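The values are calculated or read from the model by the stated rules, or taken from the named source; none is laboratory data. Note that the structure is a prediction, hence the values are computed from the model and not measured. Heads up, the Cβs are rebuilt from the backbone with ideal geometry, glycines too, and the neighbour counts pull from every protein chain shown.
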Amino acid sequence: MKIGIIGAGAVGEIVAYNACMRGLATDIIINDIIKEKAESQAIDLNDARAFYPRDVKIRSGEYEDMGDRDLIVVCMGKISEKDRLDELKGNKEAVEEFTRKIVDAGFDGFFVVVTNPVDIITYEVYKVSGFAPNKVIGSGTALDSARLQVVIADTLNISPKSVNATVLGEHGESQFVPWSQVKIDSMNLVEYEKSHPEKFENFDKDEVEDRTRRRGWDIFKGKGSTQYGIGNTVNNIIAAIKNDERIILKASALLDGEYGLDDLYISTPIMIGKNGIEEKFELDLTDDEIERLKKTASVIKEYIAKLDLD
Ligand SMILES: NC(=O)c1ccc[n+]([C@@H]2O[C@H](COP(=O)([O-])OP(=O)(O)OC[C@H]3O[C@@H](n4cnc5c(N)ncnc54)[C@H](O)[C@@H]3O)[C@@H](O)[C@H]2O)c1
């Protein structure tokens, strides 16, 4: 797969490296507003070429070079220490500019958006590109859901692979956990608690949810970026498209009536295959969870309005 990466920072480099190590990329162009940085990342990634499972061509390039890409990952931007929504003012114009240039260059592949605030920037890329919504995917709460799996797994002393858990809504402060949907393998959490009461003595759902929400900031405080979770979740999306996996992931998709919501990008389980978003799923939520979903959707809508797009 020919992959383009916009933003050669902490996320861009790990997305590229992960795509190389998983054998998903045949050709990568990495771009940054700081040209020397993109060039250095490309050379550094090339240094590991002999170790990748299949050969990859890697170089730096401009927006205009992205016309022949199969998929472009948007991961430029500067993390705000305030909150993810605060990044919008810094990223809005730049995203509009490069999306236009990339489409004008003939790009007709998939956009996978990571730049924050990711639900709003994904909507912007969708609108500015004029692409069908199945071809524009936001990483959304894919990362938060992976984090939730790990936090629950650590608390219950079980593998994260046996935890089926979802974070819904905005990839941001208003996200929430629909606890009615959490399963340990095929047992719902209430059943599992009945058979393992001792494991739940210190299990506080609000605290688990808070810890998941805070996790990105806790990592950011120490190292100034977060990389490994996002690098893998983005590459799960890339692999799903490349291999037509039809896997169900949690990510940001344009809703069109699901949960009574429309014209916004927000996370829900979606099936991803060779056409990008193949199907969206509406979970059977409790009344309280529906209320929380509406609240998080209203935050996204408020910020979409600030984009001031037609
Ligand atoms: N959605 C998620 O789950 C998730 C997770 C981690 C980070 N992020 C977001 O990803 C983005 C990047 O984070 P990071 O840690 O890599 O930041 P970073 O500062 O390490 O790298 C960002 C890079 O983007 C470049 N850049 C800025 N404007 C550009 C433009 N117009 N064109 C090309 N390159 C440009 C910068 O020069 C920099 O090299 C941020 O918006 C961050 O909030 C999202």
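Details
- Here E170 fulfils each of the conditions (1) crowded, with 17+ Cβ neighbours inside 10 Å; (2) out of contact with any helix residue (DSSP H, G or I) (no Cβ under 6 Å at 6 or more places or on another chain); (3) acidic (D, E) apart from (2).
- Some residue of segment 192-205 being part of a loop (DSSP other than H, G, I, E, B) and surrounded by 17 or more Cβ atoms within 10 Å (Cβ to Cβ): no
- Checking K78, K101, K92 one by one, the residue that is touching a helix residue (DSSP H, G or I) at 6+ places or on another chain (Cβ under 9 Å), at pLDDT below 95, among the basic types (K, R) and in a helix (DSSP H, G or I) is K92 and no other.
- Residue match in segment 35-54 (condition: modelled with pLDDT of 95 or more, loosely packed, with under 13 Cβ neighbours inside 10 Å, charged (D, E, K, R) and assigned to a loop (DSSP other than H, G, I, E, B)): yes
- Any chance V163 is farther than 22 Å from T296 by Cα and either of a type in the set (G, A, S) or touching a strand residue (DSSP E or B) at 6+ places or on another chain (Cβ under 8 Å) (or both): yes
- Set G4, G12: member being surrounded by 24 or more Cβ atoms within 10 Å (Cβ to Cβ), among the small types (G, A, S), closer than 17 Å to G231 by Cα and within 9 Å of the ligand (Cβ to nearest atom): G12
- Any hit, segment 55-63, residues being surrounded by fewer than 23 Cβ atoms within 10 Å (Cβ to Cβ), in a helix (DSSP H, G or I), within 12 Å of the ligand (Cβ to nearest atom) and polar (S, T, N, Q): no
- Residue match in segment 278-291 (condition: within 26 Å of D70 (Cα to Cα), under 20 Å from the mean Cα position of the chain (by Cα), assigned to a strand (DSSP E or B) and without any contact (Cβ under 8 Å) to a residue 24 or more places away in the chain): yes
- Qualifying position, being assigned by TED's automatic domain parsing to the domain that holds D204, within 15 Å of the ligand (Cβ to nearest atom) and of a type in the set (D, E), among E170, E124, E81, E93: E170
- Residues that are more than 13 Å from the ligand (Cβ to nearest atom) and buried (at least 21 other Cβ atoms within 10 Å of the Cβ), drawn from segment 25-34: A25, I28
- Residue in segment 137-152 that is touching a Ser or Thr at 6+ places or on another chain (Cβ under 8 Å), within 16 Å of the ligand (Cβ to nearest atom) and under 21 Å from K101 (Cβ atoms) present: yes
One line per residue, one yes/no per condition, for (1) surrounded by 19 or more Cβ atoms within 10 Å (Cβ to Cβ); (2) in contact with a Cys (Cβ under 6 Å, 6 or more places away or on another chain); (3) part of a loop (DSSP other than H, G, I, E, B); (4) not assigned by TED's automatic domain parsing to the domain that holds I79:
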{"residue": "T226", "(1), (2), (3), (4)": "yes, no, yes, yes"}
{"residue": "I230", "(1), (2), (3), (4)": "yes, no, no, yes"}
{"residue": "T233", "(1), (2), (3), (4)": "yes, no, no, yes"}
{"residue": "I248", "(1), (2), (3), (4)": "no, no, no, yes"}
{"residue": "L264", "(1), (2), (3), (4)": "yes, no, no, yes"}
{"residue": "T268", "(1), (2), (3), (4)": "yes, no, no, yes"}
